[in-house]
Amino acid sequence: MSNTTTVTLEVLRYDPERDQEPRFQSFEVPYDEDWVVLDALNWIKDNADSSLTYRWSCHMAVCGSCGMVVNGEEKLTCKAFLRDYLGRGPIRVEPLRNFPIERDLVVDMEGFMAKLESVKPWIIREEEKPVEDGEYIQLPKQLKRFKHHTLCINCLLCYSACPQVGLNPGFIGPAALALAHRYNLDSRDQGRHERQEVTGSADGVWECTFVSACSEVCPKHVEPGGAIQEQKIANSVDWFLDHLIPGRSNAGRTKE
Ligand code: FES
C-alpha cells in the first residue's frame with residue numbers, strides 16, 4: 001500500500017492553430033493505485049482542463065485508440081498503471097512519435113490509413129468460386145500459422161517506436177506489413193504477388209533494419225518484426241522462382 005495521495009502528470013499540449021510549438025503543462029492528480037494513466041487524463045479533463053484532447057474508447061486494451069508515449073515508452077494508457085511510475089518523478093505523457101500532432105495528445109493517422117490500404121489487407125482470389133460451391137475451408141493448423149498476426153488493434157505504438165519510420169516517413173511500416181503477411185499466409189488467399197508490388201518496393205520490407213522495437217512495444221504480441229523478416233525471405237524466393245519459371249501463377253506460390 002502506498003501513502004501517495006497525488007501524482008504529477010506533465011502533459012504535452014499543442015494547438016497548431018494557436019501555439020508556435022508544443023509545451024508541457026503540469027497537473028496534480030489524485031492517486032489511486034488502481035488507476036491507469038488514462039484515468040488520470042480523464043480526471044484532468046473532468047476537473048482541471050476540459051480542453052485537454054486525447055483519444056480513447058474501450059478502456060480495456062481492445063480499441064487501440066489510447067496509445068501515447070509515457071515516460072519515453074510507447075504504451076496503451078489504459079494499461080499503464082500509475083503505481084508502476086511511483087518514485088520516478090513526474091509522469092510525462094506525450095503523443096505518439098513519428099506522426100504529425102493534430103492537437104495535444106491526438107496524432108494525424110491519415111498517412112497510416114493510406115499505407116494500410118496500400119497492402120490490400122483483404123482476401124484476394126484469382127478466381128472466386130460460385131457461392132453454391134460452399135465456403136473456403138480452413139483447417140485449425142492453417143489458421144494457427146498466422147493467427148497471432150490477426151491480433152493487431154492498430155494502436156500505432158509500433159510506428160512510434162520504429163526508427164525507420166522516423167527516418168523515412170514513406171516506409172510502409174510494421175503494422176501494415178504484418179497485416180500484409182497475415183493475408184499472404186492465409187490458406188484462402190492468392191494475393192501475395194499483388195501485394196509484393198508494395199511490400200517489395202523501396203518503402204516495403206527491405207526498409208526494415210530489424211531493430212524489432214515494433215515487436216517490443218506491441219501490446220498484442222503480433223510480432224511485426226518477425227512478420228517482416230519472413231516476408232523478406234518469401235519475396236526473395238518468389239523473385240528467384242519467378243525468373244526460373246516465367247508465368248508462375250499465384251496459386252503456385254506456396255504459403256511460407
Ligand atoms: S482505450 Fe481502447 S485500447 Fe486503450
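Of the helices (runs of 4 or more DSSP H) that lie entirely inside the range 146-195, those containing 1 or more residues that are farther than 26 Å from ALA61 by Cβ and open to solvent by 20 Å² or more (accessible area, probe 1.4 Å) span 163-167.
Applying the set (1) open to solvent by 60 Å² or more (accessible area, probe 1.4 Å); (2) part of a loop (DSSP other than H, G, I, E, B); (3) more than 10 Å from the ligand (Cβ to nearest atom) to ARG55 leaves exactly one unmet item: (3).
Exactly one residue among ASP32, ASP49 is under 13 Å from ASP104 (Cα atoms), open to solvent by 30 Å² or more (accessible area, probe 1.4 Å) and more than 16 Å from the ligand (Cβ to nearest atom), and that residue is ASP49.
Just checking, does the range 212-220 include any residue being touching a helix residue (DSSP H, G or I) at 6+ places or on another chain (Cβ under 9 Å), at positive phi and open to solvent by 70 Å² or more (accessible area, probe 1.4 Å)? Checked against the condition, which is being touching a helix residue (DSSP H, G or I) at 6+ places or on another chain (Cβ under 9 Å), at positive phi and open to solvent by 70 Å² or more (accessible area, probe 1.4 Å), the range 212-220 yields no hits at all. The number of residues in the range 149-169 that are of a type outside the set (S, T, N, Q) and within 18 Å of ARG188 (Cβ to Cβ) comes to 1. From the list ILE172, ILE137, ILE153, the one residue that fits, being on the phi < 0 side of the Ramachandran plot, in contact with a Pro (Cβ under 9 Å, 6 or more places away or on another chain) and not assigned by TED's automatic domain parsing to the domain that holds CYS66, is ILE153. Of all residues in the range 185-202, those that are free of Cβ contacts under 8 Å to residues at least 40 places away in the same chain have Cβ atoms under 7 Å from Cβ atoms of residues that are surrounded by fewer than 21 Cβ atoms within 10 Å (Cβ to Cβ) and in a helix (DSSP H, G or I), 6 or more apart or on another chain, in GLY200/ASN235. Scanning the range 28-50 for residues that are assigned to a strand (DSSP E or B) and over 19 Å from GLY67 (Cα atoms) yields GLU28, VAL29, PRO30. Annotation note: of GLN25, GLN20, the sole residue that is more than 16 Å from the ligand (Cβ to nearest atom), polar (S, T, N, Q), surrounded by fewer than 17 Cβ atoms within 10 Å (Cβ to Cβ) and assigned to a loop (DSSP other than H, G, I, E, B) is GLN20.
Within the range 96-125, residues that are without any contact (Cβ under 8 Å) to a residue 40 or more places away in the chain have Cβ atoms under 7 Å from residues that are open to solvent by 60 Å² or more (accessible area, probe 1.4 Å) in these pairs: ASP108/PRO100; ASP108/GLU102, counting only partners at least 6 apart in sequence or on another chain.
Could you count how many residues in the range 74-102 are among the aliphatic types (A, V, I, L, M) and within 14 Å of the ligand (Cβ to nearest atom)? Within the range 74-102, residues that are among the aliphatic types (A, V, I, L, M) and within 14 Å of the ligand (Cβ to nearest atom) number 4.
The values are calculated or read from the model by the stated rules, or taken from the named source; none is laboratory data. Everything quoted here is computed from the prediction, not taken from an experiment. Neighbour counts run over all protein chains shown; Cβ positions are idealised from the backbone, glycine included. The area values use the complete protein model at the heavy-atom level, side chains included, leaving out ligands, DNA and RNA. Shrake-Rupley method; radii C 1.70, N 1.55, O 1.52, S 1.80 Å.
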